Protein chains: 2
Amino acid sequence: MIASNVKAIQNNQDSISAKLANLRVMMAKHDLDCYFIPAVDEHFNLSVPAAKQRRAWISGFTGSAGDLLVGKDSAWLFVDSRYYEQAELQVDTGIIQISKLGLEENLSLIETLEKLAESAPKSTKIRFGFDPFTVSTEQYQKWVKKFATAGIELVSIRENLADKVRQTAETLPAIDESPIFSLPASLTGETAAQKLVRVREAMAKANIDVLPISNLNQIAWLFNLRGSDIPNIPIFISYAIVTTDAAFLFTNPERVSLEIKQELSADVTLLPYTDYPSTLVSCVSLPKKVRVLLDSKHSTAGTYQLILDQQKAKNNIEIVFDPNPVEGMKARKNPVEIEQMKSANFKASRAKTLTLMWLTEQVENGNVLTEFDVKETVEGFYQQETDFQSLSFRTIAGAGANSSIVHYGTPSPEITLKPGELLLLDSGSQYLAGTTDDTRTMIVGEPTAQQIEHYTTVLIAHINCAAQQFPKGTTGSQLDAIARAVLWQQQLDYGHGTGHGVGVFLAVHEGPGGISKSVQYPLESGMVTSIEPGYYEPGWGGIRLENLYIVKEMPSKNATVWYGFEPLTYIPFERKLINVDRLSKTQLQWLNNYHASVIEKLAPVLDAATIAWLKKAAAALGKAL
Amino acid sequence: MIASNVKAIQNNQDSISAKLANLRVMMAKHDLDCYFIPAVDEHFNLSVPAAKQRRAWISGFTGSAGDLLVGKDSAWLFVDSRYYEQAELQVDTGIIQISKLGLEENLSLIETLEKLAESAPKSTKIRFGFDPFTVSTEQYQKWVKKFATAGIELVSIRENLADKVRQTAETLPAIDESPIFSLPASLTGETAAQKLVRVREAMAKANIDVLPISNLNQIAWLFNLRGSDIPNIPIFISYAIVTTDAAFLFTNPERVSLEIKQELSADVTLLPYTDYPSTLVSCVSLPKKVRVLLDSKHSTAGTYQLILDQQKAKNNIEIVFDPNPVEGMKARKNPVEIEQMKSANFKASRAKTLTLMWLTEQVENGNVLTEFDVKETVEGFYQQETDFQSLSFRTIAGAGANSSIVHYGTPSPEITLKPGELLLLDSGSQYLAGTTDDTRTMIVGEPTAQQIEHYTTVLIAHINCAAQQFPKGTTGSQLDAIARAVLWQQQLDYGHGTGHGVGVFLAVHEGPGGISKSVQYPLESGMVTSIEPGYYEPGWGGIRLENLYIVKEMPSKNATVWYGFEPLTYIPFERKLINVDRLSKTQLQWLNNYHASVIEKLAPVLDAATIAWLKKAAAALGKAL
């Protein structure tokens, strides 16, 4: 087996050398000293569709983050600590140097460019090429400022050189082939036309004439359309532009059925993906004054440059840097969306509860299970529910020490669940019109005192956040601290946010809200967020307890608007791991009320044996007297 | 009495009309349609020294906030809700219109300017004059952006027209007459020379060549100098500039003694206040590239424009907008400063404790007291302590309904303390090298159940914040939420921050830290902050419980740096108002430990009768079984 592996790697190396050689020919035509190929594409998704995976194609490195810089003779891959190991495995360091960001003597992209500039002959600048549609406006503005005096010339090339190399080497995968489907207003609660009215109201309020959109979640939400260009997130490659009197959707029109075309035709003009730049230019090139909204974090420098070019040509274009209003609208769910989310998360709660019962019984019967068995079981239960579409992310099922790996996405058929070990199960699904995400941590057999203490601490953190009322205007950053406070008292903490926004049959992570240290966006009525405090100790194991919640307005006793959380997730917590004596009266009340709701909600759809199990698993807990 | 009052107001009106008429003559010379006179001066202090109180002098309105706009025929005073009433009392609305910001049909400054512009003849712009040294860079940049297309021309006039009118009307008060005194390193822990080394290290790190400083607290701290130009804050009117190899202090050199001049001479060049602009211009006009640091919130547009002018003349000046590093250095107290703060707050704790005992005894003896008696008594005790310099702010002593007025600064000799009423006493002093601030809320006679409930809630908020450990990097915004959480659960809140930074023999409110919703600056070791949650119900009364604390590093069990709070204030809480059963075990432990420390610290410096009283007031509390 080893010999053929070596050959595969050899083939791979030859192929990568050839690709880089071809790229360097293209670079020479543009007189470039180096060329930038980032991990991201034009739409800054966390997952990049196959057709846009330029860095993976040319370097062989498949990590979700890590940018490539190709010089005339050298090339550098810049990876953070998550990818040190994977980069070593996938990249031939004879061809591409790995720069491990955060380690000493490992230069960043900017430092590497500065070093190149220093070694260049005096009074010549090195030419640094990049596709501006793969760089954010913010990043680009930083470069402009940073490199103004650094001997580095920014060379924007509005065609992607990696794509050109790929095209000559093989058939470039079609950008968008799979069909696009539409969701009826009975599932979305609002037609695309109605959403456009609201978007234009927001634009009018901010005096905006043109709103370019490149975020695929925003586009899918706005037009009530879905696709399957990326695993687990039902989005499709596209651009959109909304103006005061028109709306454009840019994708492959052939993937849109005649029926959908007719549905859209009154409100939306459907155009080929490649028409985006020219249409944007037309939209801003009016005789009257035009104000264009750009979100500098999420709009590409390509879009920015197109507008800048027009601004130079005519003086009446104003660029307004502000968050895209669609992001906030998408986050505040309407009543129909909330019902869909309740329905989807009810299905997922049943599936996870069935998994927990299965797990308990298997362990009690002395059967040996693997991480992979757990993954397969929960996914099987998800698929049994109606309207199942896909997982919403790769199932995390980590046993023992693996439970301490926050994003452990490779449950193994070789790793068995051993008595006394923790099992962390974080999973979710896409159901038609609803997205789910929840995590439970279980004990295999009997727990240790320390497992109970840490689990109880994380549970208190969860309850403190979930039970908290807060005034309108409270930010995710503030709630994050309320959740962590109990861990901090023991000098414990977790390295991820307390919660993230969740889309409606869209991405399982969405902005602009959520509960984490850096989120200054206020939580608002109708937002859906996870609450998922944790504790991780490498080698020992990890605990995470995650439910989804809707932010809802509470009956107020005064002039202030007060919000609280209503659960979407109904799954019992692991009673073996709870030290009831550490819960305050109100914390215990919350837990017992929650468990009573779990029984009340799920019992009507479970068989007698499962109900009997659930009634024990979620029975009221009481303090020792 | 009424007749002479009427005459005084008449005189005042005549005088204000005359002042405005003179100002309009000046305005005409500059062809202005309107002229802006803000409440603030060149240094953006909360209190403005008499010589800089231009808006008060010309309008008769003495509020700490509220800007004036003078047009050709009309004038407008823009006040927020704190000053609606005071403005009505002090301003003749026949001469100056009052715009009550926040009320409908009351225009803001910008709206008023826009309305003026709309009523101007087509294609002419109205000319809006202002002294750029009384406007922040941030404000000015907003105006430039806002007015670019609004028919309003910004006319910066680098001499203050109100000062010119004042000069012709009367002798302008000398800008800086009172002597400046210096603090020895035995009190400050660091010489000015040592501080300059650290400032230059911070400048070098950010590659800054020139640092202009206009904040008077920063200047006083940096040079270990103090003055008395403003009540309660020992600062003096000045500017400073630090460069890589020089430091300039601009004030009235005549107020600096020969001895201090000699002390400073090795490190600091002393120049007249008026030399600031020309010296700044020299500092930035070097043949080499010069990077200047400006804090856009705290630097004036005047400073910004001086640099911009030079930037236009030569292309090698770069303006870096960032917070001034001196602000953070001043906030992180050194060990000597911490000792000084401990000493000062120990004195203030004794004075407040003596006041509480006096109050209890007077009430028990059936003596009728007024708010003014309480204020006089606590201030008397402050003055008896060694090295007393002044109060650190106006004493707040509010009885009954007045306790709900957060900044009630006018304790009345007519308002008596009635049985069953709350008394809120917020006060502080300046001792040589230490500043104090604390608040206690007491009950006169016996409390109601609701007073006990609200007091206990506020006490829990105080304890939750004061007892919290938190990792390095935690912001004031996050701790603010931890304090408020218990109030929020009852849908209660308070309209001020949970805590503010405190200077060392400087301003009782200082940046950049503190504990409040908007503070994104992390708390760091050595910072001093108040913790002062409250609850206020108009008519019913108010509660505030305030101690000062030092942020200190805790012994850490892991790789994270953990911080906690060490009290500077030792004053018993009001045991009659505590419902012990609502405190958790750890909260009660904190309170009993704190009270034990109060006795331990204060007993050695109290007489036997007071010790006996204190031992009862601060005795350990226990839960009913």
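The values are calculated or read from the model by the stated rules, or taken from the named source; none is laboratory data. Note that the structure is a prediction, hence the values are computed from the model and not measured. Glycine also receives a Cβ, built like all others from the backbone with ideal geometry; neighbour counts cover every protein chain displayed. The protein model used for the area step is the full one, side chains on, heavy atoms only, and it has no ligands, DNA or RNA in it. Shrake-Rupley method; radii C 1.70, N 1.55, O 1.52, S 1.80 Å.
So the values come out like this:
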| item | result |
| --- | --- |
| For A:T560: the one exception among (1) facing another protein chain (nearest Cβ under 10 Å); (2) under 21 Å from the mean Cα position of the chain (by Cα); (3) β-branched (V, I, T) | (2) |
| Residue in the stretch A:115-124 that is in contact with a helix residue (DSSP H, G or I) (Cβ under 8 Å, 6 or more places away or on another chain) and not hydroxyl-bearing (S, T, Y) present | no |
| Residues that are within 14 Å of chain B (Cβ to nearest Cβ) and open to solvent by 40 Å² or more (accessible area, probe 1.4 Å), drawn from the stretch A:584-615 | A:S584, A:K585, A:T586, A:Q589, A:W590 |
| Set A:D31, A:D67: member being at pLDDT 95 or above and at positive phi | A:D31 |
| Some residue of the stretch A:266-283 being assigned to a helix (DSSP H, G or I), open to solvent by less than 10 Å² (accessible area, probe 1.4 Å) and farther than 30 Å from A:S427 by Cβ | yes |
| Options B:K122, B:K115: the member that is at pLDDT 90 or above, over 30 Å from B:S228 (Cα atoms) and open to solvent by 10 Å² or more (accessible area, probe 1.4 Å) | B:K115 |
| Extreme residue, most open to solvent (accessible area, probe 1.4 Å), among residues of the stretch A:333-352 that are among the charged types (D, E, K, R) and outside any loop (DSSP other than H, G, I, E, B) | A:E339 |
| Those residues of the stretch B:216-228 which are in contact with an Asp or Glu (Cβ under 8 Å, 6 or more places away or on another chain) and under 22 Å from B:S282 (Cβ atoms), in sequence order | B:Q218 |
| Conditions (1) open to solvent by less than 10 Å² (accessible area, probe 1.4 Å); (2) away from chain B (no Cβ under 14 Å); (3) over 25 Å from A:I396 (Cα atoms); (4) of a type in the set (S, T, Y): number failed by A:T474 | (2) |
| Test set (1) of a type outside the set (S, T, Y); (2) modelled with pLDDT of 95 or more; (3) surrounded by fewer than 16 Cβ atoms within 10 Å (Cβ to Cβ) - B:G539 fails condition number | (2) |
| Qualifying position, being touching a strand residue (DSSP E or B) at 6+ places or on another chain (Cβ under 6 Å) and away from chain A (no Cβ under 14 Å), among B:P419, B:P447, B:P411 | B:P411 |
| Some residue of the stretch A:260-268 being touching a helix residue (DSSP H, G or I) at 6+ places or on another chain (Cβ under 9 Å), free of Cβ contacts under 8 Å to residues at least 40 places away in the same chain and more than 20 Å from A:K330 (Cα to Cα) | yes |
| The stretch A:522-538, residues that are within 14 Å of chain B (Cβ to nearest Cβ) and either assigned to a strand (DSSP E or B) or on the phi > 0 side of the Ramachandran plot (or both) | A:P522, A:Y535, A:Y536, A:E537 |
| Of residues in the stretch A:284-301 being charged (D, E, K, R) and within 14 Å of another protein chain (Cβ to nearest Cβ), the one nearest to A:S136 (Cα to Cα) | A:R291 |
| Index of the failed condition, A:S390 passing every other in (1) modelled with pLDDT of 95 or more; (2) open to solvent by 50 Å² or more (accessible area, probe 1.4 Å); (3) not in a helix (DSSP H, G or I) | (2) |
| Qualifying positions in the stretch A:154-172 - at pLDDT 95 or above and over 20 Å from A:S59 (Cα atoms) | A:L154, A:V155, A:S156, A:I157 |
| Search result, residues across the stretch B:304-320 that are touching a residue at least 60 places away in the same chain (Cβ under 8 Å) and within 20 Å of B:R200 (Cβ to Cβ) | B:V320 |
| Sole exception among (1) under 23 Å from the mean Cα position of the chain (by Cα); (2) within 8 Å of chain A (Cβ to nearest Cβ); (3) within 17 Å of B:Y494 (Cα to Cα) for B:H462, by number | (2) |
| Subset of the stretch A:497-506 that is assigned to a loop (DSSP other than H, G, I, E, B) and open to solvent by 10 Å² or more (accessible area, probe 1.4 Å) - its residue that is nearest to the other protein chains (Cβ to nearest Cβ) | A:G497 |
| Pick from the stretch B:135-170, criterion outside any loop (DSSP other than H, G, I, E, B) and of a type in the set (D, E, K, R), ranking: most open to solvent (accessible area, probe 1.4 Å) | B:K145 |
| Residue match in the stretch A:481-496 (condition: away from every other protein chain (no Cβ under 14 Å) and surrounded by 24 or more Cβ atoms within 10 Å (Cβ to Cβ)) | no |
| Test for B:S404: is it small (G, A, S), touching a Phe, Trp or Tyr at 6+ places or on another chain (Cβ under 6 Å) and over 23 Å from B:L583 (Cα atoms) | yes |
| Selection within the stretch B:244-254 - open to solvent by 10 Å² or more (accessible area, probe 1.4 Å) and either polar (S, T, N, Q) or in contact (Cβ under 8 Å) with a residue 40 or more places away in the chain (or both) | B:T244, B:N252 |
| Candidates A:V48, A:V40, A:V25, filtered to the one that is open to solvent by 10 Å² or more (accessible area, probe 1.4 Å), part of a helix (DSSP H, G or I) and of a type in the set (V, I, T) | A:V25 |
| Candidate set: the stretch A:302-316, residues that are buried (at least 21 other Cβ atoms within 10 Å of the Cβ) and out of contact with any Phe, Trp or Tyr (no Cβ under 8 Å at 6 or more places or on another chain); chosen: the one nearest to the other protein chains (Cβ to nearest Cβ) | A:I307 |
| Some residue of the stretch A:539-558 being closer than 30 Å to A:Y408 by Cα, among the basic types (K, R) and assigned to a strand (DSSP E or B) | yes |
| Residue match in the stretch A:494-505 (condition: farther than 16 Å from A:V406 by Cβ and of a type in the set (S, T, N, Q)) | no |
| Subset tally (residues that are more than 18 Å from A:E566 (Cα to Cα) and not in a loop (DSSP other than H, G, I, E, B)) for the stretch A:593-622 | 13 |
| Qualifying residues in the stretch B:310-324 (those that are touching an Asp or Glu at 6+ places or on another chain (Cβ under 9 Å) and outside any strand (DSSP E or B)) - the one farthest from B:T475 (Cα to Cα) | B:Q311 |
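To keep it simple, each residue is scored yes or no on (1) assigned to a helix (DSSP H, G or I); (2) more than 18 Å from B:L294 (Cα to Cα).
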residue	(1), (2)
B:E190	no, yes
B:A193	yes, yes
B:R200	yes, no
B:I208	no, no
B:W221	yes, yes
